[in-house]
Amino acid sequence: MAFNVKVDKKVIKGAKPNDIAILMSLIDKSTFIGLRDVNAILTMYKTIRISTLGQLNERHI
């Protein structure tokens, strides 16, 4: 039995670990806001699909 997969859209690749490292290096981690932002970014990077992340609005937070 064979399966044919139809792809309507080009798959968007996620961020690479190096991209996240560069982003982290730009954040001032000596402040509460910086630590909060780093934790939020890492949590999203590790747990949320890129398509779901793109659909987040401020009201979801």
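What is the residue count in the range 1-24 for residues that are part of a helix (DSSP H, G or I) and of a type in the set (A, V, I, L, M)? Talk me through it step by step, then tell me what you get.
Filtering the range 1-24 for residues part of a helix (DSSP H, G or I) gives 17-24.
In the following step, the residues that additionally are of a type in the set (A, V, I, L, M) were identified as 20-24.
Here the count works out to 5.
Find all pairs meeting these conditions: Cβ atoms under 7 angstrom apart; at least six residues apart or on different chains; first residue within the range 35-50 and over 14 Å from Ala15 (Cβ atoms); second residue assigned to a loop (DSSP other than H, G, I, E, B).
Leu35/Lys29; Asp37/Ile27; Val38/Ile27; Val38/Lys29
For the subset of the range 25-57 comprising residues that are in a helix (DSSP H, G or I) and among the basic types (Lys, Arg), which member is surrounded by the fewest Cβ atoms within 10 Å (Cβ to Cβ)? I'd like the intermediate steps shown before the answer.
Step one: of the range 25-57, the residues in a helix (DSSP H, G or I) are 25, 32-47, 50-54.
Next, from what is left, pick out any that are among the basic types (Lys, Arg): 36, 46.
Numbers: Arg36: 11, Lys46: 8.
Looking at the filtered set, the residue picked out is Lys46.
Give me the pairs: first residue in the range 19-31 and over 17 Å from Lys46 (Cβ atoms), second residue surrounded by 11 or more Cβ atoms within 10 Å (Cβ to Cβ) and at pLDDT 90 or above, beta-carbon distance under 7 Å, and six or more apart or on different chains, which are they?
Matching pairs, first to second residue: Asp28/Gly34; Lys29/Leu35; Lys29/Val38.
The values are calculated or read from the model by the stated rules, or taken from the named source; none is laboratory data. Computed from a predicted model, the values in this text were never measured in an experiment. Note that each Cβ is placed from the backbone with ideal geometry, even for glycine, and that neighbours are counted across all protein chains shown.
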